[in-house]
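**Q** Can you keep this structure in mind? I'll have questions shortly.
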Amino acid sequence: MRFYIHTMGCQMNEYDSVKMAGLLEQAGHEQVATPEDADATIINTCHIREKSEHKVASLVGTFAELKRRRPDYVVGITGCVAQGVGKELLAKSPVLDFAIGSTELAKVPAVVEGLRAHTLAKVLADDVDRDPQTGKRNREALHYPFIAPDILPQRSTVSAFITVIKGCDKMCTFCVVPYTRGMEVSRATDEILAEGRAHIAHGARELVLLGQNVNGFRASKTEKPDFAGLLYKVGALEGLKRLRYTTSHPRHFDEPLARAFAEIPALCPYLHLPVQSGSDAVLDAMNRSYTAGDYKTKIDLARRFAPNLAVSTDLIVGFPGETDADFAATMRLVEEVGFESAFVFKYSPRPGTPAALLESQVPEGVKAERMTALLKLCDDLQWTTVRRYEGQSVEVLVEGPARDHASRWFGRTPDNRPVIFEGAANGGAGTGATPDTVDLTGMLVDVTIVKATPHALTGAVVAGGAPVLARAA
Ligand code: 5AD
Ligand code: SF4
């Protein structure tokens with residue numbers, strides 16, 4: 001059976017998709033690049049913001065024609081939308097064959113096979129988090145197992161994700177994650193290291209440790225969070241060139257984590273630390289457990305150990321009760337910290353979360369105005385910071401040929417900026433290597449940046465390719 005996976009949403013979902021592909025491949029199935037080439041399509045969904053149900057429903061609807069032509073074709077959804085409203089979507093859509101929540105991905109191969117063989121009809125698998133008596137969500141029961149580290153696809157990407165902790169128990173009042181992904185459960189250190197080694201053996205050079213709150217990681221249930229301890233262990237894996245992690249919560253960002261930037265050579269000077277708002281009143285109503293001042297102190301601490309640290313963040317505008325003064329505080333904080341990049345979201349009431357019940361909802365028009373102003377500020381700041389790359393030489397980890405440019409390569413700087421560049425042949429400068437002649441994938445190369453925009457840096461490999469390639473071997 002050939003399968004296609006469409007991934008929506010966050011990096012946790014990308015990771016789950018890789019795991020699902022691994023499970024299906026282990027069961028003898030083959031991953032393909034388009035739905036047309038497949039016998040089954042799985043849409044791995046995200047529920048964090050508004051309209052996700054509609055997006056999923058309309059995407060599922062686009063398979064109606066394919067299913068009419070090929071009645072055995074299987075279409076299913078997995079992940080957070082499946083967990084939340086899978087039952088409703090299954091009842092509504094004649095096209096949809098199964099809905100499996102984030103907690104039960106291990107069931108995917110058996111379900112797809114059963115549907116193909118007509119031994120199963122429509123399948124809903126989200127009961128794990130419901131109390132059988134009341135039918136209500138039981139968050140404690142969401143402790144689904146991690147999928148074993150040896151379930152990997154045949155090849156790893158240059159940059160590979162590893163989930164180290166799943167779920168979240170921070171209970172921010174706007175967020176649906178604690179309800180769809182359950183409480184925090186850390187993964188066993190040995191399993192993480194084994195998965196890291198397997199990825200490196202399969203061609204990965206960079207590992208990105210993932211979790212809704214990676215720095216809530218605990219080596220065991222009875223120990224205090226010690227994500228820094230884990231970083232030192234993963235950072236020591238042989239063959240690893242770069243290490244990153246995302247996302248962290250400011251609450252657990254402490255001195256050992258800041259120090260790790262200085263002491264772990266592979267750890268990139270990049271930190272994604274969502275602040276959400278610059279107003280203490282809003283942060284309190286969000287249940288974030290820090291003030292804007294605490295946040296700035298943490299960033300200062302990190303920069304003491306990593307002077308070139310690039311900091312990115314998430315911001316929400318229009319949280320219930322947010323006044324003009326609160327919003328002005330957010331604008332101020334953004335300028336003071338000087339974020340390298342920021343994801344700005346309009347607050348969206350998520351059913352079942354405390355903030356959705358607040359009466360002080362901010363009108364759509366005000367949210368939109370604040371969003372525009374904040375985006376403009378972030379954009380201006382980005383143009384200022386990004387300009388400094390022009391004329392500089394930066395170290396790039398090459399992820400592969402650039403998608404839209406036949407003779408160019410794609411990679412990232414240590415601070416996570418995308419770079420598109422012309423290659424040079426192994427024999428020396430300017431001999432014009434193309435993706436067909438020398439494979440730079442997985443190598444560290446020095447690139448001189450010619451043009452810098454917030455979306456990408458463009459440049460060319462520094463003259464004298466041979467030593468660069470030798471160093472990367
Ligand atoms: N409305 C708007 N943004 C949200 N996020 C999470 N929940 C909501 C919501 N209800 C944003 C937060 C979080 C990011 C992943 O998504 O900024 O950090
Ligand atoms: Fe959601 Fe807050 Fe947990 Fe992040 S820390 S996943 S925003 S509840």
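The values are calculated or read from the model by the stated rules, or taken from the named source; none is laboratory data. Worth saying up front: this structure is predicted, and the values here are computed from it rather than measured. Using ideal geometry, Cβ is built from the backbone for each residue, glycine included, and neighbour counts are taken over all protein chains shown. Protein only, heavy atoms only, side chains kept; ligands, DNA and RNA dropped before computing areas. Shrake-Rupley method; radii C 1.70, N 1.55, O 1.52, S 1.80 Å.
**Q** Which value, in debye to the nearest 20, gives the size of the charge dipole of the range 28-127 about its Cα centre, when Lys and Arg are +1 and Asp and Glu are -1 at the Cβ?
**A** About 300 debye.
**Q** Starting with the highest mean, order 222-228, 116-122, 271-277, 36-42 by the number of other Cβ atoms within 10 Å, averaged over the residues of each peptide.
**A** 271-277, 36-42, 222-228, 116-122
**Q** Enumerate the amide H contacts of Phe345 below 5 Å, restricted to partners 5 or more residues apart or on another chain; note that Pro and chain-start residues carry no placed amide H.
**A** Residues meeting the amide H criterion: Leu315, Ile316, Val317.
**Q** In addition: Can you give the helix-only mean residue ellipticity at 222 nm for the chain, where every DSSP H stretch with n ≥ 4 adds -39500 (n - 2.57) and the sum goes over all residues, rounded to the nearest 500 deg cm²/dmol?
**A** It comes out at -10000 deg cm²/dmol, rounded to the nearest 500.
**Q** When ranked by the protection proxy of mean other Cβ atoms within 10 Å per residue, highest first, what sequence do the peptides 105-114, 312-321 form?
**A** 312-321, 105-114
**Q** Still on this structure, please answer the following. Give the aspartates and glutamates reachable from Lys376 as a straight Cα distance under 13 Å; neighbours fewer than 8 places away on the same chain don't count.
**A** Glu335
**Q** Over the chain, with the other protein chains present, what is the accessible area per residue in square angstrom, probe 1.4 angstrom?
**A** Computed with neighbouring chains in place, this is 43 Å² per residue.
**Q** Quick one: which residues, 5+ away or cross-chain, put their amide H under 5 Å from the amide H of Val123? H built at 1.01 Å from N.
**A** It is Phe98, Ala99, by chain and number.
**Q** Among Pro265, Val234, Ala64, pick out the residue whose Cα is farthest towards the positive end of the charge dipole of the chain, where Lys and Arg carry +1 and Asp and Glu carry -1 on C-beta, about the Cα centre.
**A** After comparing all options, I get Ala64.
**Q** Still on this structure, please answer the following. Can you divide the C-alpha Rg of the range 266-422 by 2.2 N^0.38 Å and report the result to two decimal places?
**A** Expressed relative to 2.2 N^0.38 Å, the Cα Rg reads 1.21.
**Q** Show me, for the range 280-295, the HN-Hα J-couplings you get by feeding each phi into the Karplus relation (A = 6.51, B = -1.76, C = 1.60, θ = phi - 60°), rounded to Hz, glycine and proline as x.
**A** 4, 5, 5, 4, 5, 5, 7, 6, 7, 6, 8, 9, 4, x, 4, 4
**Q** Dipole size in debye (nearest 20) for the range 1-41 around its Cα centre, Lys and Arg Cβ +1, Asp and Glu Cβ -1?
**A** With only Lys, Arg, Asp and Glu charged at Cβ, the dipole is about 120 debye.
**Q** Another question, then. If you place +1 on the Cβ of every Lys and Arg and -1 on the Cβ of every Asp and Glu, how big does the dipole about the Cα centre of the chain come out, in debye to the nearest 20?
**A** 200
**Q** Name the long-range amide H neighbours of Ala402: under 5 Å, sequence gap of 5 or more, or other chain; modelled H, no Pro or chain starts.
**A** Under 5 Å from the amide H of Ala402 lie the amide H atoms of Arg408, Trp409, Phe410, each far enough along the sequence or on another chain.
**Q** Which shape class, rounded, prolate or oblate, goes with the range 230-308 when its Cα gyration tensor gives a ≥ b ≥ c as root eigenvalues, a/c under 1.5 marks rounded, and past that a/b bigger than b/c marks prolate?
**A** Cα axes put the range 230-308 in the prolate bin.
**Q** Expressed in whole Å with the largest first, what are the equivalent ellipsoid semi-axes of the range 154-273 derived from the C-alpha gyration tensor as the square root of 5 times each eigenvalue?
**A** Square roots of five times the eigenvalues give 23, 16, 13 Å.
**Q** Each residue of the range 220-226 in turn: what ³J(HN,Hα) in whole Hz from Karplus with 6.51, -1.76, 1.60 and θ = phi - 60°, glycine and Pro shown as x?
**A** So the J values, rounded to whole Hz, are 8, 4, 8, 8, 6, x, 8.
**Q** Keeping the other protein chains in place, figure out the carbon and sulfur percent of the accessible area of the range 253-295, with a 1.4 Å probe.
**A** So the carbon and sulfur contribution to the accessible surface is 47 percent.
**Q** Moving on to the next point. I'd like the isolated cysteines in the chain, meaning no second cysteine's beta-carbon lies under 4.7 angstrom from theirs.
**A** Within the chain, the cysteines lacking a partner Cβ under 4.7 Å are Cys10, Cys46, Cys80, Cys168, Cys268, Cys378.
**Q** OK, next. Treating each Cα of the chain as an identical point scatterer and ignoring solvent, apply the Debye formula and state log10 I(q)/I(0) at q = 0.08, 0.09 Å⁻¹.
**A** At q = 0.08, 0.09 Å⁻¹ the computed log10 ratios are -0.52, -0.67.
**Q** Still on this model: Using each residue's phi in the range 82-99, evaluate 6.51 cos²θ - 1.76 cosθ + 1.60 at θ = phi - 60° and report the 3J(HN,Hα) Karplus result to the nearest Hz, with x for Gly and Pro.
**A** For the range 82-99, the Karplus-derived couplings read 4, 4, x, 10, x, 4, 4, 5, 4, 5, 7, 9, x, 7, 7, 9, 8, 9 Hz, x marking Gly and Pro.
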